[in-house]
1. DSSP loop (so not H, G, I, E, B), at most 14 other Cβ within 10 Å: list which trypsin sites (Lys or Arg not before Pro) in the range 19-70 pass both filters.
2. Between Trp66 and Met1, what FRET efficiency comes out of the Förster formula 1/(1 + (r/R0)^6) with R0 = 35 Å and r the beta carbon distance, rounded to 0.05?
3. Compute the whole-percent fraction of alpha carbon pairs in the range 3-74 spaced more than 20 Å apart.
4. By how many nm would the segment from Leu126 to Glu154 lengthen if fully extended, with 0.36 nm per residue of separation less the alpha-carbon distance?
5. Work out the length of the dipole vector of the range 3-74 about its Cα centre, built from +1 on the beta-carbon of each Lys and Arg and -1 on the beta-carbon of each Asp and Glu, and round it to the nearest 20 debye.
Amino acid sequence: MKRLFAFGCSFTNYAWPSYADFLGCEFDKYENWGFPGFGNRAIAERVAECHAKNNFNKDDTVLVQWTSHTRNDFHTFKEIEYSKDKFTHGWFRPTNKIGWKTQGNIFGSGNLELNYEWWFSPGSTLTVQYKNQIFNRDNKSGINYYESLKELFEIPVEHQFSLRVNYLIDYNKLRRKRGMGQSK
């Protein structure tokens, strides 16, 4: 019996059919263990849980679609108080139950890179490069999408400019011009 087990975040399991659902039609048994908002740790834990319950074998297909490394997961072993005032962030799973809670800072970094390369002679180049970087070094994983994006662009931008010249010196051509190394 061909079995498919799919794991991931909302790209794997959402309100409408995902790629995993379409692939599942080609298998005798299909289980979608994906959950919207899950981070990589929660996805890995679901893979381990599913393996413990279903005992994967060499004939099974296991799809794991990892998510952004900026999503943070935590697991509770006791009930926590949930209120929309406390967690206004759309990635938080609204439940008081024991289990995975996921929060993630979707926009924690951004960069722009521009390169110009000029080949001015055979084997010789001039390269001009500009880079800028924005990197959020805080630990606010519980803020919402719009706050996260807004805070990202309030951070000072780091700029880097570089100029590189590679010039090929043809030693043999230089020797011929000076008359060096010629037999008399």
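Quick note: the coordinates plus some simple rules give every number you see, no bench work behind them. Note that the coordinates shown come from a computational prediction; the quantities given were computed from them, not determined experimentally. We place every Cβ from the backbone using ideal geometry, glycine too, and count neighbours over all the protein chains shown.
1. Passing sites in the range 19-70 are Lys58.
2. 0.80
3. Distances greater than 20 Å cover 26 percent of the Cα pairs.
4. 6.7 nm
5. With Lys and Arg at +1 and Asp and Glu at -1, about 180 debye.
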